[in-house]
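Comments concern the structure below.
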Amino acid sequence: MGFVDFEGRRYERRDGESVLDALLRCGVEVSHSCKAGSCGACMMRATGGAVPEKAQAGLKDTWKARGYFLSCACTPDGDLAVATAEADTQTPARVVDLELVSGDVMRVRLRCEGEFDFRAGQYLTLRTAAGVARSYSIASLPEDGVVELHVRLLAGGRMSEWLRSEARAGDGVAVQGPAGDCFYLPGDVEQPLLLAGTGTGLAPLYGIVRDALRSGHRGPVRLFHGALRVEGLYLREELRRLAALHENFEYVAAVLAGEGPDVEVGEMDGVILRRIPDLKGWRGYVCGDPPLVQKLKKKLFLSGMAMRDIHADAFLPPAA
Amino acid sequence: MSTLFEQLGGAAAVEAAVDSFYRKVLVDDRVSHFFDGVDMDRQRDKQKAFLTMAFGGPHNYTGKDMRVGHAHLVARGLNDSHVDAIIELLGATLRELGVSEDLIGQVAAIAESTRNDVLGR
């Protein structure tokens, strides 16, 4: 047992309990989402006591030095005094526009009102004025001037409800981050690239594809986007246009059920391996739901892709 | 006289072998089920540590680590036949890389020396 000091009060932390869980159990409101040390929504700052290294994994060095840590991943040995993450870790932004691009995917574009450096494919935490925080991958490039996110609207989801019924162009929000290492690395411009994802897994992949093509990638670039049904596919026109502009880029859409023009039917791994049976020498990017990411990583690896060439981003759902 | 680790090619040999060894393990019906649902990046790191040890390289493994690290697998039925399979796959990996039978035998002997700890005996 230990104690967490927060805003002038002392809270009991049980053995093995994270700082976040202890505060939530005591009725303190702390914004959080994945509860797996990934999304960054629960970031806090330690003002006294020792933070375990694990609770700072993946944070910027400058933030680590100032005591920032992820409260869901923090189970300290002793007592800890903590404060909420201050505004200086967040960049204010405004909603530029909101567009429903498929049955349940909303394209959200933001304009940052302050410095926000990112690579296409990384993810950020979006915070509403009411304090709801969720993390999303970035689909745009820095030079686009806007930050584009693809949000899957979930029934009853707090961010989803806000976007669906309340949010308007011009609304003030904040972004925090970015984080993640699933992005395009220049270097070997001849290496063939395979990008595969389902649902809003397309967001980081769309950013990475555009980043690669803009950087003058010369090897083949193959993007596979999957959905349950044709209605779940989106950005089809943009991707077809991109394919028409770049000889080395190919876009393949795949669905599990139904049919449509230019749409393959079948499991994602089967669709990929039918077209590219031997992946030796390829670099891969895999994004989307964790089970799909896990399965694809294994299939790509077994088909010859080297582990160090597989970049994956599994989208963790908000924890209950 | 250079060490076994040096004769095999050191850390570069481990790097050259690990993906191939891991692929064999994942597709071998005798042992693949033990690897379902594990984090592949972390598993690859563990395989590298294992190969480094089996190649006679620097490592921090103790018998106790081996016992603790495999206890949950022993509970799921890990037995001698699975250790046999792993040593066989290790040999096949090295053979593909052109390693001599003499050196393969030495690697197998090191892997063999962990058998009782791995199986918690």
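Coordinate-derived values only; no laboratory data. Keep in mind that this is a model prediction, so the values were computed, not measured. Ideal geometry is used to build each Cβ from the backbone, glycine not excepted, and the neighbour counts take in all protein chains shown.
Taking label positions 7 Å along the Cα-Cβ direction at both A:D278 and A:E53, the computed distance is 4.2 nm, reported to one decimal.
What chymotrypsin sites (Phe, Trp or Tyr not before Pro) in the range B:50-121 are in a loop by DSSP, with at most 15 other Cβ atoms within 10 Å of the Cβ?
B:Y61
For A:T198, the residues 5 or more places off, or on other chains, whose built amide H falls under 5 Å of its own are A:G226, A:C287, A:D289. Pick from A:D262, A:D309, A:D278 the residue whose mean-square fluctuation is largest in a GNM of chain A, springs joining Cα atoms under 10 Å. Maximum among the listed residues: A:D262.
Note on the range A:22-71 and the range A:186-257: Cα centroid distance 34 Å, given to the nearest whole angstrom. In terms of the Cα gyration tensor, with a ≥ b ≥ c the square roots of its eigenvalues, is the range A:227-288 rounded because a/c is under 1.5, prolate because a/b exceeds b/c, or oblate? Oblate shape, in that a/c is at least 1.5 and b/c is the bigger or equal ratio.
Backbone amide hydrogens, once placed in the peptide plane, bring A:V105 within less than 5 Å of A:L153, excluding anything fewer than 5 places away on its chain. The overall shape of the range A:89-179, judged from the alpha-carbon gyration tensor, is prolate: a/c is not under 1.5, and a/b is greater than b/c.
Assign one of three labels to the range A:91-134, namely rounded, prolate or oblate, based on the Cα gyration tensor with a ≥ b ≥ c the square roots of its eigenvalues; rounded applies when a/c is under 1.5, prolate when it is not and a/b is larger than b/c, and oblate otherwise.
Taking the square roots of the gyration eigenvalues as a ≥ b ≥ c, the range A:91-134 is prolate.
Gain on full extension, evaluated as 0.36 nm per residue between A:E12 and A:E115 minus their Cα-Cα distance, stands at 33.3 nm.
Looking at the range A:105-197, the GluC sites (Glu not before Pro) that sit in a DSSP loop and have at most 15 other Cβ atoms within 10 Å of their own Cβ are A:E113, A:E115, A:E190. With the simple model of a label 7 Å out from the Cα in the direction of the Cβ, B:E101 to A:D262 spans 5.9 nm.
Annotation note: GluC sites (Glu not before Pro) in the range A:223-320 located in DSSP loop regions with a Cβ neighbour count of at most 16 within 10 Å are A:E247, A:E259, A:E267. The relative contact order of chain A comes to 14 percent, based on Cα pairs under 8 Å that sit 6 or more residues apart. Using alpha carbons only, the radius of gyration of the range B:4-118 set against its Kirkwood radius gives Rg/Rh = 0.93.
Computed over the Cα atoms of the protein assembly as shown, what is the convex hull's projected area averaged over all directions, in nm²?
It is 24.8 nm².
Amide H contacts under 5 Å for A:G266: A:V255, A:L256, restricted to partners 5 or more places along the chain or on a different chain, H placed in the peptide plane at 1.01 Å from N.
Each Cα pair under 8 Å and six or more residues apart adds its separation to the average, and for chain B the resulting relative contact order is 36 percent.
Just so you know, the Cα atoms of the range A:2-85 work out to an Rg and Dmax of 11.2, 31 Å.
The packing ranking of peptides A:73-84, A:47-58, highest mean first, is A:73-84, A:47-58, where packing means the average number of other beta carbon atoms within 10 angstrom of each residue.
Over the C-alpha trace of the range A:144-290, radius of gyration and Dmax come out as 16.5, 48 angstrom.
3J(HN,Hα) along the range A:230-239, derived from phi through the Karplus expression 6.51 cos²θ - 1.76 cosθ + 1.60 where θ = phi - 60°, amounts to 4, 5, x, 6, 8, 6, 5, 5, 4, 6 Hz, with x in place of Gly and Pro.
Peptide A:300-310 is shielded by partner chain Cβ atoms: per residue, an average of 3 of them sit within 10 Å of its Cβ.
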